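J.: Mind looking over this structure? Questions follow.
The values are calculated or read from the model by the stated rules, or taken from the named source; none is laboratory data. As the structure is a computational prediction, the values presented were derived from the model and not from experiment. Neighbour counts run over all protein chains shown; Cβ positions are idealised from the backbone, glycine included.
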Amino acid sequence: MAEILVLLLALLPNLQHLILHDSLFPQLVFPAAASALDITRIPLKTLDAMVMPSSIISVAPDVETVHISPQDSYPKMPGVKRVYFRGYGSDDNVDVKKVISSCSSALSTFSYQTAFIWSSVDQSVAKVLQPRTAVELLTNVCSSLQSLHLDMRFRVAFDRDSQVEPMPSLKQFIRLEELFLTTNSVYNGSSSTVSDQEFLVHLLPQSIKSVTFVDPEFPPPPERLRKGLLGLADARRNDGLFPNLKELRCDSRQVYDDGAIKNSFYQVGVNFKHQEFPTLDWSYSRYPLPAQSPRLALEAYLEEFEHHVPGPLSYYSDEDL
C-alpha cells in the first residue's frame, strides 16, 4: 500500500487534501518508498486519517487541518491549526489532551464529534470527553481559538440522570466566533450558581458571532434553553452586549416555534433559525431509546415483579430449559 501511495503522490505533486482511511498503513515502508522516488516534501494542507501517520507528517510540514481519531500516540504537528476529532467514548479525554499538545499553540478550530460509544455513559462517564474537560484542555489556546464544535450526541441507552459536568464560562476565549454545543452541555442536572436566564450571558464571550444548539438523546426541558435565549436577547438589547452576534441556530422545533424568542432576536438584528444537523452516527428519523440502560430497566422490572408474586422467585438455569 505504501508504494502505491508514494506513486500517487509522485503523480500528483500539487495534492493538498489526502484521505487515508486505513488503520494498517505501513509506517515503516513509506520513508524508503518515498526516498526511492525522491519525494522529500509534499504540499498537503489537509490530512484525514484513521491513524495519523508520522511518516507522512514528516514530509508534509504545511498541513494545517487534520481529521483524526483516537490512537496510542500522535506525531508532532506544529503547523496544524484546525483539528476535527472523531471520538469513541473510551479514553477520549486522554486522546484529546494528546492531540492538542501535539498541535500548534495557535489552534484556531477544534471540533469534537462522538461516534460509536462502546459502553453506557453510566459505565464510562470518566472516559467520555465532558464539555468542561474539553474547555479546560483548550485553555492554552484561548487567545487564538475561533471555532469550537462540541457535538456530544450519541446513541446509547443510559440513565436519564447521568451527570454532565457544568460548562465553564468561555469569556477567556477572546477570539471565539463560532460555537456548537449540545443543550445538555449548558443545561443539565449539575448544580449551578447562575440562573437559566443568565447562563448564556455568563457563558459566551463578546467576540461570538454564531451559536448552534442541538439536542442529545435525552435533552433537558426546552424551557431552560428558552429562558437562556430570552436572557441573551435582553442582554443585547438592554446592555449592548454581544455586538457581533449575527446568527443563532437550534434543531429543536419546540424552541424555534416560540414566537417570543423569534421576536426578541428579530428586534436586535440576530437571525434565529431552525436547522437539523445529521451525521453518519446521528439520524433525526431514529427510533427513541429507553430512558434507562437495559440493566437498570431489568432490575426495576424484577423488583416490581417480586412485589406482586408471593414467595421467592424461581430462576431457571440453562439445564432446566
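J.: Being of a type outside the set (K, R) and either modelled with pLDDT of 95 or more or under 14 Å from the mean Cα position of the chain (by Cα) (or both) narrows it down to one residue among V121, V125, V83, V94; which is it?
T.: On the way: V121 fails: either modelled with pLDDT of 95 or more or under 14 Å from the mean Cα position of the chain (by Cα) (or both); V125 fails: either modelled with pLDDT of 95 or more or under 14 Å from the mean Cα position of the chain (by Cα) (or both); V94 fails: either modelled with pLDDT of 95 or more or under 14 Å from the mean Cα position of the chain (by Cα) (or both).
Criteria check complete, one pass: V83.
J.: Continuing with the same structure: Could you tell me whether the range 193-213 includes any residue that is in contact with an Asp or Glu (Cβ under 6 Å, 6 or more places away or on another chain), surrounded by 20 or more Cβ atoms within 10 Å (Cβ to Cβ) and of a type outside the set (K, R)?
T.: no
J.: At least 3 residues that are over 17 Å from V186 (Cβ atoms) in each: list the helices (runs of 4 or more DSSP H) lying fully within the range 208-276 that qualify. Write out each step before concluding.
T.: Working: elements: 222-239, 253-256, 259-267.
Here the list reads 222-239, 259-267.
J.: Looking for something of a type in the set (D, E) and within 19 Å of L148 (Cα to Cα) - is there at least one such residue anywhere in the range 93-112? Outline the logic, then answer.
T.: Kept after step one, since they are of a type in the set (D, E), are these residues of the range 93-112: 95.
With the extra rule that they be within 19 Å of L148 (Cα to Cα), the set shrinks to 95.
There is at least one residue in the range 93-112 that is of a type in the set (D, E) and within 19 Å of L148 (Cα to Cα).
J.: Let me ask something else. Please work out which one of (1) under 20 Å from D251 (Cα atoms); (2) at pLDDT 95 or above is the condition Y187 fails and give its number.
T.: (2)
Each row is one residue, and each column tells you yes or no for (1) at pLDDT below 80; (2) in contact with a strand residue (DSSP E or B) (Cβ under 9 Å, 6 or more places away or on another chain); (3) closer than 22 Å to E198 by Cβ.
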site: P221; (1), (2), (3): no, no, yes
site: L241; (1), (2), (3): no, no, yes
site: Q254; (1), (2), (3): no, no, yes
site: D258; (1), (2), (3): no, no, yes
site: K262; (1), (2), (3): no, yes, yes
site: R286; (1), (2), (3): yes, no, no
site: F305; (1), (2), (3): yes, no, no
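J.: I would also like to ask the following. Only residues in the range 264-289 that are on the phi > 0 side of the Ramachandran plot count as the first member; pair them with residues that are assigned to a helix (DSSP H, G or I) and surrounded by 11 or more Cβ atoms within 10 Å (Cβ to Cβ), Cβ under 6 angstrom, at least 6 apart or cross-chain, and list the lot.
T.: As it stands, the answer is none, since no pair meets every condition given.
J.: Next question. Looking for whichever is more than 21 Å from H149 (Cα to Cα) and surrounded by 16 or more Cβ atoms within 10 Å (Cβ to Cβ) here; the options are L44, L37. Which one fits? Steps first, please.
T.: Working: L37 fails: surrounded by 16 or more Cβ atoms within 10 Å (Cβ to Cβ).
From the options L44, L37, the qualifying one is L44.
J.: I would also like to ask the following. Would a scan of the range 17-25 turn up a residue that is surrounded by fewer than 14 Cβ atoms within 10 Å (Cβ to Cβ), over 33 Å from the mean Cα position of the chain (by Cα) and modelled with pLDDT under 90? Write out each step before concluding.
T.: Taking the range 17-25 as the starting set, the residues that turn out to be surrounded by fewer than 14 Cβ atoms within 10 Å (Cβ to Cβ) are 17, 19, 21-24.
Next cut, over 33 Å from the mean Cα position of the chain (by Cα) only: none.
Taking every residue of the range 17-25 in turn, none turns out to be surrounded by fewer than 14 Cβ atoms within 10 Å (Cβ to Cβ), over 33 Å from the mean Cα position of the chain (by Cα) and modelled with pLDDT under 90.
J.: A further question follows. Residues of the range 142-171 being surrounded by fewer than 20 Cβ atoms within 10 Å (Cβ to Cβ), over 24 Å from K227 (Cα atoms) and modelled with pLDDT of 95 or more, which ones?
T.: The answer is C142, S143, S144, Q146, S147.
J.: Further question: Kindly list the number of the only condition in (1) exposed (fewer than 15 other Cβ atoms within 10 Å of the Cβ); (2) in contact with a strand residue (DSSP E or B) (Cβ under 9 Å, 6 or more places away or on another chain) that fails for P53.
T.: Failed condition: (1).
J.: Can you name the strands (runs of 3 or more DSSP E) wholly within the range 8-101 that have at least 3 residues being in contact with a Phe, Trp or Tyr (Cβ under 9 Å, 6 or more places away or on another chain)?
T.: On the way: elements: 17-20, 46-49, 65-68, 82-87.
Of the strands (runs of 3 or more DSSP E) lying wholly inside the range 8-101, those with at least 3 residues that are in contact with a Phe, Trp or Tyr (Cβ under 9 Å, 6 or more places away or on another chain) span 65-68, 82-87.
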